[in-house]
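Laboratory data are not the source of any read-out in this text; all were calculated from the coordinates shown. All of these numbers come straight from a predicted model, not from anything done at the bench. For neighbour counting, all protein chains shown are included, and Cβ atoms are generated from backbone atoms with ideal geometry for every residue, glycine included.
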Amino acid sequence: MDLFNQEQKPSIREFKKFDLKDGEVWYMENFMPNEKAIYYYKRFIETINWRQEEIKMYGKVFPVPRKTAWYGYEGFNYKYSGILCNPEPWTKDLLDVKRVIEHFLPNENFNSVLLNLYRDGNDKVSWHADDESGLGINPTIASVSLGAKRRFDLKHKNDPDQKLQLELNSGSLVIMSGELQHHWLHQIPIQKRINEPRINLTFRTIK
Ligand SMILES: O=C(O)CCC(=O)C(=O)O
């Protein structure tokens with residue numbers, strides 16, 4: 001199957017660049033045509049081994065406020081918020097999406113993907129940076145959104161005037177690159193009025 005039918009017409013899928021102080025964010029609103037976004041959303045809901053991880057804070061154990069999964073090449077383990085992730089082997093669907101992202105980012109060869117399932121607007125990811133040592137210096141992270149539209153907030157760690165807010169459509173792609181992870185934080189905030197799930201895939205390169 002030809003993955004994204006629009007692949008022959010790359011000119012209609014363009015990145016918008018946000019030239020930020022100390023980092024770069026690129027946004028492609030229509031990375032996937034709508035029917036592909038629906039197809040992959042259903043496939044990932046059904047086939048991904050979603051896990052309910054727990055984190056320890058202030059001596060107490062809390063469920064992570066979303067479901068997660070970690071896939072990739074064997075041996076590329078990843079640790080975040082005290083959770084050690086051993087990758088499950090790539091699925092064909094994940095490799096297909098990875099291939100199309102790399103069509104737009106020919107210098108990248110992502111070896112892993114962290115998936116997040118936000119069941120509704122009560123699920124979130126709090127302010128953080130993807131700055132774990134395993135990702136190396138100035139990592140490029142490619143983030144695909146499927147399902148409900150959610151807000152994505154970014155703020156500079158030291159300069160309160162530097163902020164960015166994006167509405168992430170289903171089928172969109174965000175690239176975070178340059179020094180962004182060292183100087184900026186990002187979050188998906190709670191949005192109580194949202195009742196639909198959203199899936200997010202963040203492709204990463206573990207060094
Ligand atoms: O869901 C998103 O768009 C962001 C996910 C995220 O920040 C992360 O996995 O580090």
Using θ = phi - 60° and the Karplus relation 6.51 cos²θ - 1.76 cosθ + 1.60, list the HN-Hα couplings for the stretch 86-91 in order, rounded to whole Hz, with x at every Gly or Pro.
9, x, 7, x, 3, 9
Debye, to nearest 20: dipole size of the chain, +1 on Lys, Arg Cβ, -1 on Asp, Glu Cβ
620 debye
Is the C-alpha gyration tensor of the stretch 51-165 telling us rounded, prolate or oblate? Criteria: a/c under 1.5 is rounded; beyond that, a/b larger than b/c is prolate, otherwise oblate.
rounded
Computed, not fitted: 222 nm per-residue ellipticity of the chain from DSSP H runs ≥ 4 (each -39500 (n - 2.57)), nearest 500, equal to -4500 deg cm²/dmol
Please state the Cα pair-distance histogram of the chain with 5 angstrom bins from zero: what percent is in each bin?
1, 7, 15, 20, 22, 19, 11, 4, 1, 0, 0
Can you run phi through the Karplus equation (6.51, -1.76, 1.60; θ = phi - 60°) for the stretch 49-54 and list ³J(HN,Hα) in whole Hz, with x for Gly and Pro?
7, 5, 10, 9, 7, 10
Karplus ³J(HN,Hα) for the stretch 64-73 (6.51 cos²θ - 1.76 cosθ + 1.60, θ = phi - 60°; Hz, whole; x = Gly/Pro) runs 4, x, 4, 9, 9, 7, 9, 10, x, 6
Which of Lys21/Lys98; Lys98/Lys149; Lys42/Lys157 exceed 30 Å between C-alpha atoms? The answer is Lys42/Lys157
